[in-house]
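Structure first, commentary second.
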Amino acid sequence: MIESVKSVIHNFNAGPSVLPKEVFDEASRAVIDFNETGLSILEIGHRTNLFEPVMAEARALIRELMQLDDDHEVLYLHGGATTQFMQVPMNLLNENDLASYTDTGAWAGKAIKEAKLFGHVEISGSAKETNYTSIPANLSVSPTAVYLHITTNETIAGTQWKKIPYDCGVPLVADMSSDILSRVLDFNKFGLIYAGAQKNMGAAGVNLVVVNKNILGKITKPIPSILDYRNHIKEGSMMNTPPVFAVYVCMLTLRWLKREGGVSVMEELSKQKAAMLYKEVDENPLFAGTVMKEDRSKMNVCFVITNKDLEEKFLSFAKAHGIVGIKGHRSAGGFRASLYNALPVSSVKFLADIMKEFTLQHN
Ligand SMILES: Cc1ncc(COP(=O)(O)O)c(C=O)c1O
């Protein structure tokens with residue numbers, strides 16, 4: 001019999017989501033007294049010797065953790081990843097040019113919709129026929145495309161690209177919002193990577209953009225200054241007031257990630273966490289996975305209950321045991337457990353135990 005552990009919260013939220021406790025401790029101290037200055041992080045100027053080192057360290061940590069070369073620039077920009085759906089084509093796609101997009105679900109769909117405002121779009125691979133329960137096995141990318149866009153992890157559908165199409169022949173652009181820094185990739189092979197910070201990296205309100213500067217500057221139309229990546233590069237990601245606190249939380253989270261051993265350690269832990277939960281989903285007769293096995297996400301585990309009448313009951317049972325955030329996205333239903341970097345392995349084990357216990361009680 002599992003004891004109720006209401007005092008411990010197991011946070012499976014899809015985003016904003018769990019962050020390391022030490023990040024919350026340090027960030028809350030900084031709101032009261034930043035670096036023993038007697039000032040809050042919220043009341044200092046960004047062009048000061050107090051904040052400038054924060055931005056510099058947040059950028060340097062990304063460079064180090066992703067092992068970036070000198071062609072790649074690191075930016076922290078306002079807005080969520082949704083802003084990047086339009087900022088990417090605005091900076092890369094001329095009206096008469098073609099961009100290649102993969103259609104892997106809700107997030108890719110939103111990126112496609114925005115790109116169409118700027119130029120021509122082809123769909124080089126789609127998972128629509130499988131109702132987005134898989135990743136397209138084959139791509140057909142026009143060699144004339146200015147770039148190929150993929151969503152490395154579809155947060156709602158629970159799918160993830162395992163084999164990144166590095167060899168697609170055109171610059172690769174990726175929305176990594178929900179699996180950034182969770183696995184080792186050849187980050188230098190991407191033309192552009194973007195990610196809203198609020199899942200694996202920090203607080204909402206800021207986007208990480210990693211861009212190879214060689215793909216910029218080929219646009220004929222003027223780009224509004226604040227949306228032109230080149231201006232942000234020139235100004236060291238301080239073109240205007242950055243989202244100071246959100247960048248600070250990213251810096252703290254990245255420091256934590258480095259202390260823990262870096263991206264390869266996160267990858268190892270992700271593998272363990274995902275294997276543990278999918279095993280339970282597969283072996284427990286009351287639950288079933290929704291995604292084809294080879295394309296299952298290690299970040300967002302989507303599953304359903306085979307007896308629909310028990311769905312609400314299971315949610316209540318889980319909640320009574322301190323498990324939060326496992327209700328599936330409102331468009332998908334079922335359950336979704338997000339296993340981001342800061343989620344302890346013990347929380348995943350606990351969820352699996354709770355699933356077993358619930359099944360025993362309802363046999
Ligand atoms: C893969 C992916 N892309 C884009 C977004 C949109 O991010 P935002 O809400 O920060 O605009 C999300 C949000 O969850 C996401 O999961």
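The values are calculated or read from the model by the stated rules, or taken from the named source; none is laboratory data. Quantities reported herein were computed from a predicted structural model and do not represent experimental measurements. Note that we place each Cβ from the backbone using ideal geometry, even for glycine, and neighbour counts take in every protein chain shown. Only protein heavy atoms, including side chains, enter the accessible area calculation; ligands, DNA and RNA are left aside. Shrake-Rupley method; radii C 1.70, N 1.55, O 1.52, S 1.80 Å.
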Normalising by the residue count of the chain, find the relative contact order in percent from Cα pairs under 8 Å and 6+ residues apart. 24
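What percent does the relative contact order of the range 1-155 come to when contacts are Cα pairs within less than 8 Å and at least six residues apart? Don't skip to the end; give the middle numbers.
On the way: 152 pairs, mean separation 25.7, N = 155.
Relative contact order of the range 1-155: 17 percent.
Taking the inverse of the average 1/r across all pairs of different Cα atoms in the range 232-363, what Kirkwood radius in Å do you get?
Numbers: mean 1/r = 0.0596 Å⁻¹.
It works out to 16.8 Å.
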Rounded FRET efficiency, nearest 0.05, which uses the C-beta distance separating K116 from R330 and R0 of 30 Å: 0.75
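Mind putting a number on the dipole of the range 16-81 about its Cα centre? Charges go on the C-beta only, +1 for Lys and Arg and -1 for Asp and Glu, and I need it in Debye to the nearest 20.
On the way: 5 positive and 13 negative charges, 49 e Å.
Approximately 240 debye in magnitude.
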In debye to the nearest 20, how big a dipole does the chain give about its Cα centre with +1 on each Lys and Arg Cβ and -1 on each Asp and Glu Cβ? 420
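Work out how much length E26 to N49 would gain on full extension: take 0.36 nm times their residue separation and subtract the Cα-Cα distance, in nm to one decimal.
Working: separation 23, 0.36 × 23 = 8.28 nm, distance 1.92 nm.
Full extension of this stretch gives 6.4 nm more.
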Just to be sure I understand the model, the point goes 7 Å from the Cα along the line to the Cβ. What's the resulting E95 to D353 distance in nm? 6.3
Calculated Rg and Dmax of the chain using C-alpha coordinates, Å: 21.1, 67
Spin-label pair T37/K128, simplified geometry with 7 Å Cα→Cβ offset, distance in nm: 5.2
Whole angstrom only: what separates the Cα centroid of the range 19-62 from the Cα centroid of the range 160-234? 25
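With a 1.4 Å probe and every protein chain left in place, work out the accessible area per residue of the range 267-363 in Å², rounded to a whole number. Intermediate results must be reported in sequence, preceding the final value.
Values: 4350 Å² over 97 residues.
Per residue, the range 267-363 has 45 Å² of solvent-accessible surface.
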Cα extents of the range 35-172 along the principal axes, largest first, in whole Å, come to 58, 33, 28
